[in-house]
Structure formats: C-alpha cells, structure tokens
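Down below is the structure, laid out as structure tokens.
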Amino acid sequence: MNGEIGVDVQGVTKDFGSVRALEDVTLQVPRGEIFGLLGPNGSGKSTLIRILCGLLVPTAGRATVDGLDVEREGEQVRQHIGYVSQAFSLYRDLTVDENLDFFSSIYRLQGADRKERIEWVINLAHLGPYRDRLAGVLSGGWRQRLALAAALMHRPRVLFLDEPTAGIDPVARRELWDLLFELAAGGVTMFVTTHYMDEAERCGTVAYLYMSRLIVSGRPQALKALPEVTPEGTRRVEAACEEGVAKLMTSARTLPYVHAATIFGTSLHLLIDANVSDQKVEQDLQAFGITDVKVSPIEPSLEDVFVRLTETRGREIEAARPQVVQV
Amino acid sequence: MNGFVAMFRKEITQMLRDRGTLLFALVIPVFELILFGVIDMNAKHIPTVVFDQSHTQESRRLLDQFENTSYMDVIAEVPSRAALERAIVSGRAPVAIEIPPDYARNLAAGRQADVLIMIDGSDQSVATQALAAANGVVLQQGLQDLLEKSGQRPRVEAHPVMMFNPDMRSANLLIPGLIAILLTFSGTILSAFAIVKERERGTLEQLMVTPVSPLAVVVGKLLPYLGLAYFQLILIVALMRFLFRVPINGSLTLLLVLSPIYLVSLLALGLLVSSRARTQMEAMQMAMGFMLPSVLLSGYVFPITSLPVSPHCRCRCRWSRTFSPPRTSSRLREGS
Ligand SMILES: Nc1ncnc2c1ncn2[C@@H]1O[C@H](COP(=O)(O)OP(=O)(O)OP(=O)(O)O)[C@@H](O)[C@H]1O
Ligand SMILES: [Mg+2]
C-alpha cells in the first residue's frame, strides 16, 4: 500500500470495439493534490475517469485509487471515492433533500450522524435555499453543486470531477474552486477534467490527453519551462493594442522572425527569434499603421504549452498512427 | 443487500410522484376492464333481410322462429334476390333469407321445402353464430313437422349444462382472462421501465460508483412495483366482482396468495428486458415482443388446440395461459 499516491495509472489502454479511447496512459497523482486533466473533445478524459471509478474495465494496464486496485478491490474503492459525472446523474424527480437523504443512506450513515453530514454538505454547497426544489428544475450550476454535495456525503478520499464547471457562471466557478482547495487541504485527492485554462493553472499537476494518448503531465510551471514550448533561440512576447488585434495578427505573421502568433483577448502572443528586441517588434508593427502597440516579454501560458505540444508531439502521434480510418 | 432500504424508499417516493406510472398501472387497466366488460361476444340481434315469396302462414312461422332465437332481427323485407344481395354487399345486413314461392306447397305435399340463407362470411364470429342459429331453426322446424305428421315424440333429448358460466355471459369469460393480460402488460413494462429509466438518465452509473449492492438495486426497485401490481390485481378483481358481477366461486384466498408468484415472474421478465434495452422506447418494443406471442398463444385469443404446432411445442407456448387466465379463470369459476 502506497501512502503517498492518491491515483496511480499504469499503462492503461481502453478499446471500444475498434475505437481506441485510451492508449498506454501512465500517470500518478500525489495524495491531497488537485490533478487537472485536459484534452480536446473525445480525447478520452471521461473514459479514464470511468475506468478509475470502476465503471469500465481497462483493456490493458492497471490502476489503483488510494492504494486499492480498481479492478480487484472495486468494493473497497467505491467506499472511498466520489464521482461527479459530466452529465447530471442524480434523480431529477426527487428534491435536493431527498437526493441527499438517499445517498446518505446508501453510504450507511445513520441517525444524528446522517443529519449532521447532510447539513454539512448543504452548507458546503450553499444549497440551503433549494432544499425542497426538485433536482430536475434546478439550473445547471445548482445541479452541479447538488451532484458535488452528494459525492461528498461520505467524505471520500478521492474525488473524481468530470467537467464540474462546464456551463457555470464565473462567480460560482470561483466558489467551487475555493471549495476544492479547501477539500484538498483536508487531504482529499482531486481528479478534475476541464476545458478552462484558468482552472488548469490552479491545479497542482496538469496532464494533457491528445488522441487517446497522454502527451504531457507535470506542474504548470514545469510545463511552461519545457524547451519544446519555447525552442532554443526563440522567446515569447505579448503585443497589446487598443483595437484591431486581427489586423495586428495578419501583420505580425508577415514578419520573418515571427514563428507563431495567437490572439488572446485584445492582445497577441508571439513566438519570435530570441535576438530580436521588443523595440524592434514594436517599430515593425507600427510600420503597418498600428500606432498604439506595446510589446513586452511574457512567459508562456498553459494554452501556449498545449497548443505548442499538440503541434510537436501531437503530429508525431498522428504520423505514427496507421491511416486506416475508414467509415 | 447494502442499500436495500434506501433503494426501496427512494423508489416508492418516485413511483408515487410519477403520474405516468400510476396512470399506466391503475387508470388504463380500469378503463380497459370497463371497455371489455361491456362487450358481449355473443352476436345477438344480427340484422337480417328477408325475401319471402311464399307469403303463407308457414313461411311466416319459419321467420318468427328465426326471430325467436334472438340471434336475428328481421329489419326489412325486400322484393327481389338482387335486393337481398345488395343488402349483404352493402353491409346493411349480414344475414339474408329467401323463401321460395313453393315453400308452403312443398311442405303440404310432403316434399322437400328449400330455404336459402346467405351469410356474410367476412366476420367470422357473426357468421358462425348465424350459421349455427339458422341450422338450429331449420332443423327444429323440419323435426317438428315430421313429428306432427307421424304423431311420435322425439326419443333422444340432449340436456346440455354449461358449467362455470351457466348464463353464457361474456363478461364471465372475458374479464378473468383480461385480468391476467392486463397484469402481464403492466407488470413487465413497469419493471422494465424502472431500471431502463435509471440507465437512460445516467443514475445507474452514479449508483454503480457507490457501495450499494446490485441485488439491493434490483430488489429495492422491483419490490415497490410488485406492490403496485398487486394493488392493481386487487383493484380489478374488485371491479370485476362488484361492477360486472362476475361470481367468484373458487377460493379467493388462494388466488390472492398464489398470484404474487405470477407477478414475480412478470417482474423478472421486465428485468430481463431491462438488461438489454438502452432506452425506454427499446424496452417497450422488447417487452411487446415477449408479450404479444404470450397473449396471442395463451388461448385467450385463439383456442389452444388450433395452434399449428406439435403438442409438445403447444405446451411450451401455453405458459402464459397455464399460469394466467385459467388460473384466474378457474380459481374464480370453479366451486371450491
Ligand atoms: N461506451 C462507449 N462505446 C464506444 N465508444 C465510446 C464509449 N465511450 C466513449 N467512447 C469513445 O471514446 C472516445 C473518448 O471519449 P471520452 O468520452 O472519454 O472523451 P472526452 O475526452 O471525455 O470528451 P469530452 O471533452 O467531449 O467530454 C470517443 O471517441 C468516444 O466516442
Ligand atoms: Mg468527457
């Protein structure tokens, strides 16, 4: 039994008939850490979570959760995990209270203990005003909180959250993340999938799945420092201007020393030759008639990292894959 | 059986809240029962047209006897054979009687007197009953005639006794069988839906990550439906007894004690369906696939002896009948 590893995935492969949803995925999540799993739609994130919850059996490889083998010790694993699935999957025809009551009794909580635990999750998720509402009529964000509350009922040691913040407003998202940090501080291991980069930045470790393969995994800072992300002889700068960022991009792409240009809101992230100064870039861009442009050095964002890595490692995977995709 | 109580309580809350289920289990069967209860399978008062060319006391007497059976009502006299045929073709009257001009003369002369009876064969139950009634009337008439002439009395007489249903009431036949069929439908579909609904909405997956035992899920979910089906049984048996006055001569206790066995087998069938079906629609179709043959081959619709299969196979086909309509029917009809 390994006391420090919350989730351990070793060479997991999953096939659905001829579709390979996961290929040889290996990763570890230290106990009490928030682990963020990212990847495009259909890359296999939900599949991995479902394997770890014991809902699917991997075609190859093995996985442990809180030191317990998910295949052989499924019974015990289920005592200690919470799962919030991507689609709302509590009883829509039961009220918030009835749903929580049901899950509390499934986990064999009894008497005063049970009442106390229900109050605890209701407070955590701020569900107080909605106790008598049918789950089916709650708005998306409140449903999500209810699902989380139900998953926390038995104080799980590992929590699996499949896109818990999809479709939730920014304030609720922040609150939810505050809650996740609080739980992690209490020693709960958190396995979260998301499409939001700002959420990825908050994770202790992030991993990126691309076409069923894990192409990178590590601390956000470490990923940003990867040499592939900012190849030798290049550096990253941000070009900001008041308006006309689209024009800024088309202009920037004509400059010979610019390797990549991506729009971020009203500014542009550029990968340029390291020996070109900020002033030079600024002058060259002003020459296109964009007078208020400001150029300053930046470190790569996680999005830069993933975009760059899909370009490099992702291409390798695509090239290595036999092209027999026929429908 | 961890989680059984939780499942059971949750299922009851959901069941009582679900109008569709309650409607399906309680309102629709009652409605169908009433519909079937008022049906009279004996085709009585079949509209009949007559082309009487004899116009004699004898021909009048024959027609009266047709009417006396109460199977046929003479609705019109027509002036020609063509009009008779028109009446049948147009569907105005399924039976047409033509009496030739020499009918009375032939009778009086002791020769054979013919009567033409045309029957619309496109409705089988009407046709067979009309045929039987017509044959009976004519036979009776001929016999009477012979006996009157010879001054003898018939030497053999049949004394038929219709057991279990002396009045030949259709309700006494239809409703007990219908109870079994209604239960078959609602028992199977309700239990299939109960589980498929959880799969369709993803809640089954949520359950599977909790320590609840699979047996507790199945039993906890099905038990409330067993209760519902049992309540439905009691409701329609009561309706049958008090609204349609179908007598219960057998042991009611035995019926109430044994029927849960049948209900459990129905719920199990529903469970089997739900193990394959992904959506409620699919479950419905699969359940129909099971139920239609079991109803059609049960003897409720066609006589069992007419099934075009070997006796061995016949036995296997009649499970639904063996376990249902006769059990209900005979329990209800037989004395002790
Ligand atoms: N039960 C299944 N049967 C067949 N194929 C499946 C099944 N579940 C998933 N897949 C396939 O596996 C691949 C990975 O799906 P998965 O749901 O894990 O993606 P995801 O990364 O969660 O995507 P998203 O971001 O859209 O949620 C997809 O190609 C999907 O079609
Ligand atoms: Mg997913």
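Descriptive notes on the structure:
- B:Lys44 passes every criterion in (1) surrounded by 14 or more Cβ atoms within 10 Å (Cβ to Cβ); (2) more than 27 Å from A:Leu134 (Cα to Cα); (3) within 33 Å of the chain's Cα centre (by Cα) apart from (1).
- With respect to being under 30 Å from B:Gly299 (Cα atoms) and either buried (at least 23 other Cβ atoms within 10 Å of the Cβ) or of a type in the set (Ser, Thr, Tyr) (or both), B:Ser213 falls outside the description.
- Residue-level check: of (1) assigned to a loop (DSSP other than H, G, I, E, B); (2) at the interface with chain B (Cβ under 9 Å from one of its Cβ atoms); (3) within 16 Å of ligand 2 (Cβ to nearest atom); (4) crowded, with 16+ Cβ neighbours inside 10 Å, A:Ala87 misses just (4).
- Taken together, the residues in the stretch A:118-175 that are within 19 Å of A:Cys53 (Cα to Cα) and away from ligand 2 (no atom under 16 Å from the Cβ) amount to 12.
- Filtering B:Phe164, B:Phe185 for residues that are aromatic (Phe, Trp, Tyr) and either more than 28 Å from the chain's Cα centre (by Cα) or assigned to a loop (DSSP other than H, G, I, E, B) (or both) leaves a single hit, B:Phe164.
- Elements of the type strands (runs of 3 or more DSSP E) sitting completely within the stretch A:1-44 and holding at least 3 residues that are more than 14 Å from chain B (Cβ to nearest Cβ), more than 16 Å from A:Glu71 (Cα to Cα) and near ligand 1 (Cβ under 9 Å from one of its atoms): these cover A:19-30.
- Flag for B:Ser298 being part of a loop (DSSP other than H, G, I, E, B), modelled with pLDDT under 85 and within 27 Å of B:Ser170 (Cβ to Cβ): yes
- Condition met for A:Arg133 (of a type in the set (D, E, K, R), modelled with pLDDT of 90 or more, in the same structural domain as A:Arg174 (by TED's automatic domain parsing) and surrounded by fewer than 21 Cβ atoms within 10 Å (Cβ to Cβ)): yes
- When A:Arg92 is tested against (1) more than 22 Å from the chain's Cα centre (by Cα); (2) more than 12 Å from ligand 1 (Cβ to nearest atom); (3) surrounded by fewer than 16 Cβ atoms within 10 Å (Cβ to Cβ); (4) of a type outside the set (Val, Ile, Thr), just one condition goes unmet, and that condition is (3).
- For the stretch B:13-28, the tally of residues that are surrounded by fewer than 16 Cβ atoms within 10 Å (Cβ to Cβ) and away from chain A (no Cβ under 11 Å) stands at 4.
- B:Ala109 falls short on exactly one of the conditions (1) surrounded by fewer than 12 Cβ atoms within 10 Å (Cβ to Cβ); (2) under 33 Å from the mean Cα position of the chain (by Cα), and that condition is (2).
- The C-beta contact set for the stretch A:36-59 (first residue closer than 24 Å to A:His80 by Cα, second residue polar (S, T, N, Q) and near ligand 1 (Cβ under 6 Å from one of its atoms), distance under 7 angstrom, 6+ apart or interchain) comprises A:Ser46/A:Gln86; A:Leu56/A:Thr47.
- The residue list A:Leu38, A:Leu22, A:Leu27 contains one member that is modelled with pLDDT under 95, away from ligand 2 (no atom under 16 Å from the Cβ), within 19 Å of the chain's Cα centre (by Cα) and more than 15 Å from A:Met153 (Cβ to Cβ), which is A:Leu27.
- Of the residues contained in the stretch B:218-229, one or more are found to be over 31 Å from the mean Cα position of the chain (by Cα), surrounded by fewer than 21 Cβ atoms within 10 Å (Cβ to Cβ) and more than 14 Å from chain A (Cβ to nearest Cβ).
- Number of positions in the stretch A:45-72 that are closer than 19 Å to A:Thr193 by Cα, more than 16 Å from ligand 2 (Cβ to nearest atom) and among the polar types (S, T, N, Q): 1
- Of the helices (runs of 4 or more DSSP H) contained entirely in the stretch B:1-112, those carrying at least 1 residues that are over 30 Å from B:Leu207 (Cα atoms) fall at B:28-37, B:57-68, B:81-89, B:103-108.
- Answer residue from the stretch A:195-235, given it is free of Cβ contacts under 8 Å to residues at least 40 places away in the same chain and of a type in the set (A, V, I, L, M) and is nearest to ligand 1 (Cβ to nearest atom) among those: A:Ala222
- Residue match in the stretch B:166-180 (condition: under 30 Å from B:Gly299 (Cα atoms), outside the structural domain of B:Pro260 (by TED's automatic domain parsing) and at pLDDT 80 or above): no
- The set of residues from the stretch A:64-83 being touching a residue at least 60 places away in the same chain (Cβ under 8 Å) and facing chain B (nearest Cβ under 9 Å) comprises A:Gln79, A:Ile81, A:Gly82, A:Tyr83.
- Hits in the stretch B:23-62 - residues which are farther than 30 Å from B:Gly187 by Cβ and acidic (Asp, Glu): B:Asp52, B:Glu58
- Checked against the criterion of being more than 17 Å from B:Val95 (Cα to Cα) and either out of contact with any Lys or Arg (no Cβ under 7 Å at 6 or more places or on another chain) or of a type in the set (A, V, I, L, M, F, W, C) (or both), the candidates B:Phe51, B:Phe66, B:Phe31 yield just one match: B:Phe31.
- Sole residue being within 14 Å of chain A (Cβ to nearest Cβ), surrounded by 17 or more Cβ atoms within 10 Å (Cβ to Cβ) and touching a residue at least 60 places away in the same chain (Cβ under 8 Å), chosen from B:Met7, B:Met72, B:Met1: B:Met7
- Residue that is surrounded by the fewest Cβ atoms within 10 Å (Cβ to Cβ), among those in the stretch A:95-130 that are within 14 Å of chain B (Cβ to nearest Cβ) and part of a loop (DSSP other than H, G, I, E, B): A:Gln110
- For the stretch A:205-218, the count of residues that are in a loop (DSSP other than H, G, I, E, B) and surrounded by fewer than 16 Cβ atoms within 10 Å (Cβ to Cβ) is zero.
The values are calculated or read from the model by the stated rules, or taken from the named source; none is laboratory data. Note that this is a predicted model, so its numbers are computed, not measured. As a convention, Cβ positions derive from the backbone with ideal geometry for all residues, glycine included, and neighbour counts pool all protein chains shown.
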